[in-house]
Each structure stands twice: as C-alpha cells, then as structure tokens.
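Following: one structure in structure tokens, then a few remarks.
The values are calculated or read from the model by the stated rules, or taken from the named source; none is laboratory data. Computed from a predicted model, the values in this text were never measured in an experiment. FYI the Cβ positions are ideal-geometry reconstructions off the backbone, even for glycines, and counts take in every protein chain you see.
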Amino acid sequence: MKMINPQPKAIIFDIGNVVLEWQPEHVLQSVFSVSNMPMMMEQTFLSPEWSAYDQGLISTKDLKEQLADKLECSNTAMEALLQNVVIALRPIPEMIELLTKLKALGYPIYALTNMPSDIFRSLLEEHLFWKLFDDIVVSSHIKLAKPDPKIFEFILAKHQLKAAECIFLDDSKANVTSAKALGFTTIKVINFQQAIDDLSELLDIEIVSTKYLAD
C-alpha cells in the first residue's frame, strides 16, 4: 500500500463494522425465528424501507409500521428490533484506541455514517468516543447516503477538502468503490487489525493495538 505524500488532511471513518460492532444477523435472531437469513436481511436492513430510514426520508414510526406489515409481525417486535440495534452497536476497543492515538498525533478525523437519526441520537448519548471526531456527518441529517457520490462531495465541500487529501475507511465494497472513484485513498475494512495495519502503512507511522501485541 502506497504512503500518502503529503500527509492527509482528513481521515474519514465509517462507523458500523469499523468503529462499532455491527452483526445484523444476530440482531434479527434476537427477535425473530429466522429460517432464511438472506431473505430476512433483504426484507429488513437491506430493504428500501431501511434505506429510506437511513436517509431520514421516513420516521421511526413509519419504518416500524411498514416493516411490521411486510413481515406480518407486531409493532412490539419491531420496537424490540430497533432497541436491539442500539444494543448491538458496541464500540470496538481497538478502533477507539486508534482514534485516540490519531487525535493525539494531530490528525483531523471525521465520521461519515449511514445511520437513522433516532439510532444515532441514542448512541451519541451513550458513548464518549464521538468527541474524538472533528465532525460527524450522518446520512439521515442531510438526506444523502453512501455510496451516493454526493455524500462524499458534501463532506469535502463542508470542510474545504480535496478527495486526494483524504483517507476513507469503510467495510462496504460499494462505499469504498464510490469514494475511490472520486479520488479518495481508501481502506476496505475487513477487521480492526487489518485496518490498523493498512492505515499505519499509509501514514508511515506505527499504530499497534495493545490487544494485537498481547496476541
């Protein structure tokens, strides 16, 4: 992986499956008896309804009603599903450590996340790590979502950045591809160790997780 020269003016992080754990299959299994997980994913977290929810185009009430009708389940089940989404989105300690180190080294760090407003609000109130970011761009707040190039253009314009000056980390191939096409240096996140190693190489600095050392 080629080092960025000069050093980046922004390191931009996705949140789900990058900074926070996100295993949607486990969330679904916590509420429903699932016999066909790919189909259930398509009907819920990968559905047009959830996409609209991510973009702030429908309310939490609307989402619950629409998915309850589709799944033929109770509103109580949908309420439990949304509560369990928040519970499941837990910080990845090694990535919080990474953010803390980058902040201490003076790197500008940003979050760019597809997330419904109500879920983001709950997580913002629960966790302190959000304060490490110089800015947080949330899809539902601006009615745009990855991989739409417009959301990347939004964060660039907001902070007067150029794509070539930025590193973007995301676990989604589609999101990484979209960012790369605009000129971002990208890291496709597979796991925290790989993400830390790839970012260390790009920045030409040593960022080693204490857990990684222990292993």
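Residues that are among the basic types (K, R) and crowded, with 16+ Cβ neighbours inside 10 Å do occur in segment 127-149. Within segment 183-194, the set of residues being buried (at least 17 other Cβ atoms within 10 Å of the Cβ) and under 20 Å from K9 (Cβ atoms) comprises F184, T185, T186, I187.
Could you tell me which of the residues L161, L156, L199 is out of contact with any Gly (no Cβ under 7 Å at 6 or more places or on another chain), within 21 Å of D135 (Cα to Cα), without any contact (Cβ under 8 Å) to a residue 60 or more places away in the chain and in the same structural domain as D14 (by TED's automatic domain parsing)? Explain how you work it out, then say what you get.
Working: L161 fails: without any contact (Cβ under 8 Å) to a residue 60 or more places away in the chain; L199 fails: without any contact (Cβ under 8 Å) to a residue 60 or more places away in the chain.
Being out of contact with any Gly (no Cβ under 7 Å at 6 or more places or on another chain), within 21 Å of D135 (Cα to Cα), without any contact (Cβ under 8 Å) to a residue 60 or more places away in the chain and in the same structural domain as D14 (by TED's automatic domain parsing) holds for just one of L161, L156, L199, which is L156.
Could you tell me whether any residue of segment 1-10 is in a helix (DSSP H, G or I) and either outside the structural domain of A174 (by TED's automatic domain parsing) or not basic (K, R) (or both)? No: segment 1-10 contains no residue that is in a helix (DSSP H, G or I) and either outside the structural domain of A174 (by TED's automatic domain parsing) or not basic (K, R) (or both). Looking only at segment 66-109, residues that are closer than 22 Å to L161 by Cβ and not assigned by TED's automatic domain parsing to the domain that holds Q160 come to 0 in all. Within segment 138-153, can one find any residue that is in contact with a Phe, Trp or Tyr (Cβ under 7 Å, 6 or more places away or on another chain), at pLDDT 95 or above and farther than 24 Å from E49 by Cα? No, every residue in segment 138-153 fails to be in contact with a Phe, Trp or Tyr (Cβ under 7 Å, 6 or more places away or on another chain), at pLDDT 95 or above and farther than 24 Å from E49 by Cα.
Inside segment 91-192, counting only helices (runs of 4 or more DSSP H) that do not spill past its ends, which hold 3 or more residues that are closer than 30 Å to E206 by Cβ?
Values: elements: 93-104, 117-126, 139-142, 149-158, 173-182.
Passing ranges, in order: 93-104, 149-158, 173-182.
Does G56 satisfy the condition of being in contact (Cβ under 8 Å) with a residue 24 or more places away in the chain, outside the structural domain of L105 (by TED's automatic domain parsing) and within 30 Å of Q160 (Cβ to Cβ)? Yes: the conditions hold for G56.
Every residue in segment 144-165 that is within 15 Å of A10 (Cα to Cα) and of a type in the set (A, V, I, L, M, F, W, C), please.
Filtering segment 144-165 for residues within 15 Å of A10 (Cα to Cα) gives 152-165.
F152, F154, I155, L156, A157, L161, A163, A164 - these are the residues of segment 144-165 that are within 15 Å of A10 (Cα to Cα) and of a type in the set (A, V, I, L, M, F, W, C).
Take the conditions (1) exposed (fewer than 14 other Cβ atoms within 10 Å of the Cβ); (2) in contact (Cβ under 8 Å) with a residue 40 or more places away in the chain; (3) touching a Lys or Arg at 6+ places or on another chain (Cβ under 9 Å); (4) not β-branched (V, I, T); A174 misses just one of them, which is (2).
Residue-by-condition table, conditions (1) farther than 14 Å from M115 by Cα; (2) at pLDDT 95 or above:
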| position | (1), (2) |
| --- | --- |
| V31 | yes, no |
| M37 | yes, no |
| E49 | no, yes |
| L57 | no, yes |
| K64 | yes, yes |
| N75 | yes, no |
